[in-house]
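For reference, the structure is listed below as structure tokens.
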Amino acid sequence: MFYLAGIILTFFLAVLLFTKKGKSEADLILAAWLTIIGVHLCFFYLTFSNQFLSFPFLLGFNFPLPLLHGPFLFLYTSALTNQKIPAKYKAAHFIPFLLLHGLFIPFILLPEEQKIQVFKNEGLGYEVEMLVMLSSIMISGVVYVGLSLWRLNEHKKTIQHEFSSAEKINLAWLRYLVYGIGLIWLFVLFAEDAMIFNAVVVFVFFLGYFGIKQVGIFSQGYPPPGQLAADTALTESGTAASDKPAAAKYQRSGLSDEAAARLHESLGEVMQKEKLYTNAELTLTELAKALDVHPHYLSQVINTFEDKTFYDYVNTLRVEEFKRLVALPESKKFTLLALALDCGFNSKTSFNRNFKSVTGLAPSEYLKQGTTYLHT
């Protein structure tokens, strides 16, 4: 019953995603992937329950299915992180599936009685094809888990350089799911069928839950990864984001040392006077607009003069603001979290992590040092 419930759940989640309002490319990819998983689970259940021989015409069609999961994982990860892939390259990821399917066409076309005999004899006469299949599955698992983790690492770098808050868009859950599908591939090669089926059902539950729950990562005013580079290319080709001659000059020739120093000074003044870092959703693009400068050059200045990413720079200012506020007598009536939220942190977890990263101490440990330390 658990296995059948898993199959029903998989198709149910796929239908939910296909019928979701305002669905994104990632939603469509996930819906298609869940459909494939559902079909694969049906084949797996027939094998696991020894009912496959009742449907001999289906034998062979399931062999290439494992080669679909890796590409779907990679495409889903790419779509969620907004790292676009041209259509022709997307299609290329499914070539191994088609090739393996072609390899088993002679078996698929066998009379049903012969197919049953080969199945009962564990692939007798098709040892080479079975070896190619297992090797392909192993290679596909390693390659696509690696590619998906690479995509997530690129996404993490983007966050560090363009966003001041990462909690809503860090996709930590997807990283764990990538690890999970890697574990399932190991189960396929070395574990018993029951363990494989249980693992897949659990994986589908979490994949569907987080996939449906996931909102568009860049739907709240965030620029997609690579947008800054694209903007730079546009301005350098003559379509400037600003009509000011000085800005156009910097975009053509690069930021001079003198201009960079002035920009760094302006950045410090704006951050101290307007405290823009208290905006929990502050992005590099928004800060660049406040300074009337191209985001590319602002990022360059922060990296060079502060030796920090945009994320670390803004959160360091938030920590310093918290240290200032918590030292004030009138702040005693507020909780530490309330003060942290006023400084621009959007969660207790984010506050604790960044505070320890900057000071080397947890907030509670820091406060035990005494008020004299608070002013340092």
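Before rounding to the nearest 500, sum -39500 (n - 2.57) across all DSSP H runs of length at least 4 in the chain and divide by the residue total; then give [θ] at 222 nm in deg cm²/dmol.
Details: 20 runs with 257 residues, N = 376.
Calculated at 222 nm, the ellipticity per residue is -21500 deg cm²/dmol.
Would you kindly state the longest site-free stretch of the chain, with sites defined as GluC sites (Glu not before Pro) in a DSSP loop (not H, G, I, E, B) surrounded by at most 14 other Cβ atoms within 10 Å? Intermediate results must be reported in sequence, preceding the final value.
On the way: sites that count: Glu122, Glu167, Glu192, Glu281.
Excluding the exposed sites themselves, the longest stretch runs over 1-121.
Bridging of Lys120 to aspartates and glutamates at a Cα separation below 20 Å is possible for Glu112, Glu129, Glu192, Asp193, once same-chain residues fewer than 8 apart are set aside.
How high is the relative contact order of the chain? Use alpha-carbon pairs under 8 Å, at least six apart in sequence, and give a whole percent.
15 percent
Return the loop-located trypsin sites (Lys or Arg not before Pro) in segment 278-376 (DSSP other than H, G, I, E, B) with at most 15 other Cβ atoms within 10 Å of their own Cβ; answer none if there are none. Don't skip to the end; give the middle numbers.
Working: sites: Lys289, Lys308, Arg318, Lys323, Arg324, Lys332, Lys333, Lys348, Arg353, Lys356, Lys368; in loops: Lys308, Lys368.
When the trypsin sites (Lys or Arg not before Pro) of segment 278-376 are filtered for loop state and at most 15 Cβ neighbours within 10 Å, Lys308, Lys368 remain.
Taking Thr316, Thr359, Thr278 as the candidate residues, the one with maximal mean-square fluctuation in a Gaussian network model of the chain, Cα springs under 10 Å, is Thr359. Bridgeable lysines around Lys88 (alpha carbons under 23 Å apart, same-chain partners fewer than 8 residues away excluded): Lys23.
For Met195, Met133, what's the largest-to-smallest order of accessible area, 1.4 Å probe?
Values: Met195 100, Met133 15 Å².
These residues rank, largest area first, as Met195, Met133.
For Lys356, the lysines whose Cα falls under 17 Å of its own Cα, not counting residues fewer than eight places away in the same chain, are Lys308, Lys323, Lys348, Lys368. In segment 78-184 the Cα-Cα distances spread across 10 Å bins starting at 0 as 11, 30, 26, 17, 11, 4, 0 percent of all pairs. The solvent-accessible area of Val201, taken with every protein chain present and a 1.4 Å probe, is close to 10 Å². Look at [x] 61, 50, 38; [y] 67, 48, 38; [z] 83, 54, 36: the one that is Cα extents along the principal axes in Å derived from this structure is [z]. For segment 37-116, the gyration tensor built on C-alpha atoms gives an oblate shape. Its axis ratio a/c (a ≥ b ≥ c) is at least 1.5, and a/b is not larger than b/c.
The values are calculated or read from the model by the stated rules, or taken from the named source; none is laboratory data. A quick note: this is a predicted structure, and the numbers were derived from the prediction, not measured. A quick note on method: Cβ atoms are made from the backbone with ideal geometry, for glycine too, and the neighbour counts reach across all protein chains shown. Each accessible area value is taken on the protein alone, full model and side chains, heavy atoms only, with ligands, DNA and RNA left out. Shrake-Rupley method; radii C 1.70, N 1.55, O 1.52, S 1.80 Å.
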